[in-house]
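Heads up, the thing below is written out as structure tokens.
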Amino acid sequence: MTKRDPLFAIKVEDVVKSYAEVMVLRRIKFSLQPGEVAVILGANGAGKSTLLRILAMLTQPDSGSIDIYGNDIAKNGPQVRALTGSVLHSPMLYTDMSVRENLTLFAELYRLKNIDTLIEKNACKVGIQSRLDHRVRTLSHGFQKRAALARALMHKPQLLLLDEPESGLDSRSVSYLENVVEEYRSSGRTILMTTHIIEHALEIADKAIVITDGYVHLESTTTCLNKSNILSAYSHTFPKTSGDL
Amino acid sequence: MTKVINLIVSPIALSAVLMGTTLWLIFVWVPTETNQGAVQRILYLHVPIAWGAMMGIIVVSAGSFLYLWKKNEIWDRLAVASAEVGVVFGGLALLTGMIWAKPVWAVWWTGEAKLTTTLILFFIYVAYLMFRAYFPPGTQRQRLAAMIAIIGAIDTPIIYFAANLWSQAHPPLITGPAADSESSLGTSLGVVLLASTVSFTLLFILLVKMRYEIRKSEDEIKHFKRNHQLDSAVLNNISQARGTS
Amino acid sequence: MKLFNYGLALLIVCVGLVVHDLPSLVLAQSTPLVNGIIVGIETNDNDQLITFVVSDSTGTLTTFKVSDSTKYGLENQAGDRWVTSHKDGSEEAARRLSEHQERFVPITVSYSEATEDSGQITGIATSVVDREQGKLETNLGYIFAVFAITWILFFAYIFYMGRKQKVVQYEITQIKASLK
Amino acid sequence: MRESLAVIWAIGRKDLLLETRNKDVIVAVSVFALLVLMIFTFAIDINQVNAKLTGPGILWASIAFAGVTGLNRAFALELEGNTLEALMLAPISRDLIYAGKMFGNFLFITAAQIIVIPIFAVLFNLAVLRWEMLVVSLLTTIGFSAIGTLFAAMTIRVRAREVMLPLLFLPVVTPLIMAAVESTSHVVNDSSWPEIYQWIQLAIAFDIAFIVISAFIFQQILED
């Protein structure tokens, strides 16, 4: 029922989120165009993961509005989730089922067709085809993360949300990740990821969003950024009085 | 001088005077009932307290419903305040009823429908308060607690119906002479009961108001803590903007 | 702490009234009465009532013998009242009383010539009727319990809230001080 | 509609698959229920006279207590790998997740009853295996799983989850337990259908009320 707005892949306006006495996100505002690969930077506890969870619709913001490809996420939840693929902190797989069983289950939940070929294809993309029939419990962390990535890719989402995808991965896994990012960039789809490895972020991303103290501190293309001015944006992350009276 | 006047016309003073008058009515003014004797005077305490408990439940479910609808914290505060006071009244209603039943019905407890319903509701609202105590703070806690309150309210008629059907299948040990026989007191009973109900209603409102005020102060402290962080964040934001551009 | 004082005042008023009014609550009783439910019935071979045992609200058992002059005023389940003396209806009396026993209907027995034998009270019943009069003396404890529990609980709750309020107040003053 | 049923079936089938692998829930529920039954046979000297009187109550008390432990387990399973969030990421409405989990819980409690009720019949020497009993246990299980799934999802983040779930669950399902106990005692007393039916009606009303409410509010439960 809603037409996609080609101007914005994500449009976040004045998003506020607080937990009890801590206000994690104060007034987050930014937007991404389709085809952009953006990275959210910020110190630990800056609210990167919370923001990603809100975009993935696992957490409700206290206030503010979010549009994803022209859909208001508060109203068109299922449509937005069909456009979005997410790999968050934990792999979120059933550990007593094999990778194939996990992928089949989620393919059914996403109502996909030709599930078997789809699974094979996506398994190749992340290099997990040899482990398809292993139980998730027996796999290493890197393979579990790759399986989670395969699940997020299966329904060809327009927007991919990745929460620290490279943490704990070996170089082979990271190279699969980079291939996925390249594929997204070239096909005009959007990626929003968080990371704490600034150099790597500047290499692969087109755009950086720095969150400090619950605000978007810096929203800029990566070409005019270097590590030092990002770090200087970090430096005020911990205000002297935060948390206390 | 104004302080004295304020004290005299304050609701607390009014409530105290009313309660004193009620006690005078119960112990001195109203004649002793012939069927049950002096113990019948418990009625003037038991019935208004039970009424207060019922009022508590009505206010909790109304407040919870309004909170879910309007998302305004005022209603959540009202709900939790009246749940707490309602549990105190409900526990007292059960206790006074049991003490009254012993000399009149010769048992502490029977499976009569009203008793069973009151007991189960008491447990549901105790669970409501415990849930609030155990759940991590935040808006989700308020939302879920409101749902529990509403479930309890919807369950009430079903519990009453079931308990009624059950007590028909298992005739209660003793059907109360207090409930069945006409009273020898006539209108004086009504007068004292009315006075007592008014005093206890006022006491209920006072207690809820007091609990509400405490809750409000707690919320204000919480908000203040957040806003305090906000101030320092705003300052940081400004200085940062100067530094980078 | 306004509410604290309020609770204290109410408690004093309550206790004062009870003490002041104690004599008028204890109504003197001319004939000895027992209120309670029937826990045992003994009949002779002709199904005529001989004795029955009543348990009052404190659990004390009293055995009653019946004489020809014993009067009955007992209702059946339908509410029909049956009034007669023992001479004219001792079988019906046994029937009605055992029905009362099954339904746990409380009765009032006035009696004379009570004898106590090793803790067991035995009396000769003069009238056996559906519960009419409370045995007022035994009830005072219950009234006292109800009022005491009610006010103690309210008092405790008010006290608890007062404590909570104090904590909140303290925190607010701390915040105000830190702002200066 | 067909798509929704497919989703519910997929979630329920996943629960069954996991169950065949680690046998967490059904074994726990039925062993627990049997233990409660056994304790009662010691606590109350069961004989021909009082079996009909006490049996139905004991049966449903044991199933209710065992059911709560099972519901706790069934949700703990989703917590282990944060998989509930994976379900929440799928483009399906949240009431389908509820229906799927409820379906799984329904299967577990039913399976446990299939084990427990015949053993109960033997221990208490009661003829409960009649078709009316099928209706009773079906309706009760539906109600248990409807409320249980809802409260299990609500208490997921509560500190004392194992305590909180029964505290919420048991008072709310009291009418349903009454209905189950009464209709079971009609069944063992060989009563006619109309006598059982008034209790069946109560169970039906309860089930409908709570399935509707649960589906309505489940939307909001999962997000924090």
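Among D:84, D:168, D:204, whose Cα projects farthest towards the positive end of the dipole of segment D:2-223, with charges put on the beta-carbon of Lys, Arg (+1) and Asp, Glu (-1)?
It is D:84, whose Cα lies furthest towards the positive end.
Label points 7 Å out from Cα along the Cβ direction at residue A:227 and residue A:137: separation in nm?
4.2 nm
Where does segment A:138-178 land on the Kirkwood hydrodynamic radius, alpha-carbon pairs, in angstrom?
After inverting the pairwise mean of 1/r, the radius is 10.7 Å.
Quick one: the Cα spread of segment D:15-156 along its three principal axes, in angstroms, biggest first?
Answer, in whole Å and largest first: 57, 27, 25 Å.
Ranked highest first by average number of other Cβ atoms within 10 Å, how do D:109-116, D:78-85 line up?
D:109-116, D:78-85
With N set to the number of residues, divide the alpha-carbon radius of gyration of segment B:13-160 by 2.2 N^0.38 Å and report two decimals.
So the Cα radius of gyration is 1.22 times the expected 2.2 N^0.38 Å.
Residue A:218's amide H: which non-local residues (gap 5+, or another chain) put their own amide H closer than 5 Å, with H modeled 1.01 Å from N in plane and none for Pro or chain starts?
A:210
Any idea what the relative contact order of chain A is, in percent, if you count C-alpha pairs under 8 Å spaced at least 6 apart?
It comes to 27 percent, rounded to a whole number.
Give me the log10 of I(q) over I(0) for chain A at q = 0.14, 0.15 Å⁻¹, as the Debye formula computes it from C-alpha points; what are the numbers?
Debye intensities relative to I(0), on a log10 scale: -0.94, -1.07.
Report the antiparallel proportion of the DSSP beta bridges in the protein assembly as shown as a percent, rounded to a multiple of 5.
65 percent
Rounding to the nearest 20 debye, state how big the charge dipole of chain A is about its Cα centre with +1 on each Lys and Arg Cβ and -1 on each Asp and Glu Cβ.
480 debye
Taking the alpha carbon gyration tensor of segment D:135-184, what are the square roots of 5 times its eigenvalues, largest first, to the nearest whole Å?
They are 24, 11, 6 Å, listed largest first.
With +1 on the Cβ of every Lys and Arg and -1 on the Cβ of every Asp and Glu, and nothing else charged, how large is the dipole of segment C:31-130 about its Cα centre, in debye rounded to the nearest 20?
That gives a dipole near 220 debye.
Take every DSSP beta bridge whose two residues both sit in chain A, then give the antiparallel share in percent to the nearest 5.
Percentage antiparallel, nearest 5: 55.
Using a Gaussian network for chain A with springs between C-alpha atoms less than 10 Å apart, which of these wobbles most: A:82, A:56, A:150?
A:82
For the protein assembly as shown, build the charge dipole from Cβ charges (+1 Lys, Arg; -1 Asp, Glu) around the Cα centre, then report which of A:192, D:97, C:61 sits farthest towards its positive end.
So the residue we want is A:192.
Using a 10 angstrom cutoff on alpha carbons, build the Gaussian network for chain D and name the most mobile of D:32, D:210, D:42.
D:42
Using unit Cβ charges (K, R positive; D, E negative) and no other charged atoms, how large, in debye to the nearest 20, is the dipole of segment A:91-157 about its Cα centre?
So the dipole magnitude of segment A:91-157 works out to roughly 240 debye.
Let me have the relative contact order for chain D, percent, based on Cα pairs under 8 Å that are six or more residues apart.
Normalised by residue count, the contact order of chain D is 27 percent.
Cα-based Rg (one decimal) and Dmax (whole number) for segment A:91-157, in Å?
10.4, 29
Straight-line reach from residue A:145: which lysines have a Cα under 18 Å away, not including same-chain ones fewer than 8 places off?
A:121, A:125, A:156
What is the order of B:80, B:192, fewest Cβ neighbours within 10 Å to most?
Least crowded to most crowded, the residues run B:192, B:80.
With the Cα gyration tensor of the protein assembly as shown giving a ≥ b ≥ c as the square roots of its eigenvalues, does the rule (a/c under 1.5 for rounded; else a/b larger than b/c for prolate; else oblate) give rounded, prolate or oblate?
Oblate is the answer for the protein assembly as shown, as a/c is 1.5 or above yet b/c matches or exceeds a/b.
When each pair of different Cα atoms in segment A:161-235 is counted once in the 1/r mean, what is the Kirkwood radius in angstroms, to one decimal?
Value: 13.2 Å, from the Cα pair sum.
Under the rule of -39500 (n - 2.57) per DSSP H run of 4 or more residues, summed and divided by the residues of chain A, what mean residue ellipticity at 222 nm is obtained, to the nearest 500 deg cm²/dmol?
One gets -9500 deg cm²/dmol as the mean residue ellipticity at 222 nm.
Please list, ordered by chain and number, the residues whose modelled amide H lies under 5 Å from the amide H of residue C:126; skip anything fewer than 5 residues away on the same chain.
Those qualifying (amide H under 5 Å, at least 5 residues apart or on another chain) are C:110, C:111, C:112.
For n ≥ 4 DSSP H runs only, could you compute -39500 (n - 2.57) per run for chain D, divide by its residues and tell me the 222 nm figure to the nearest 500?
One gets -30000 deg cm²/dmol as the mean residue ellipticity at 222 nm.
What residue among D:136, D:49, D:25 has the largest mean-square fluctuation in a Gaussian network model of chain D, using Cα springs under 10 Å?
Comparing D:136, D:49, D:25 in the GNM, the peak value goes to D:49.
Packing-wise, with mean Cβ within 10 Å as the measure, how do D:70-76, C:83-89, D:185-191 rank, highest first?
D:70-76, D:185-191, C:83-89
Which residue, D:58, D:39, D:154, has the largest displacement toward the positive end of the dipole of segment D:2-223 when charges sit on each Cβ (Lys, Arg +1; Asp, Glu -1)?
Farthest along the dipole direction, towards plus: D:154.
Compute the whole-percent fraction of alpha carbon pairs in segment A:37-140 spaced more than 23 Å apart.
Counting every Cα pair in segment A:37-140, those more than 23 Å apart make up 42 percent.
How long is the gain from residue A:156 to residue A:124 if the chain were fully straight, where each residue apart is worth 0.36 nm and the alpha carbon distance is subtracted?
Result for the pair: 10.1 nm of gain on full extension.
Coordinate-derived values only; no laboratory data. This one's a predicted model, so the numbers in the text were calculated from it and none came from an experiment. When we count neighbours, we look across all protein chains shown, and the Cβ atoms used for this are built from the backbone with ideal geometry, even at glycine.
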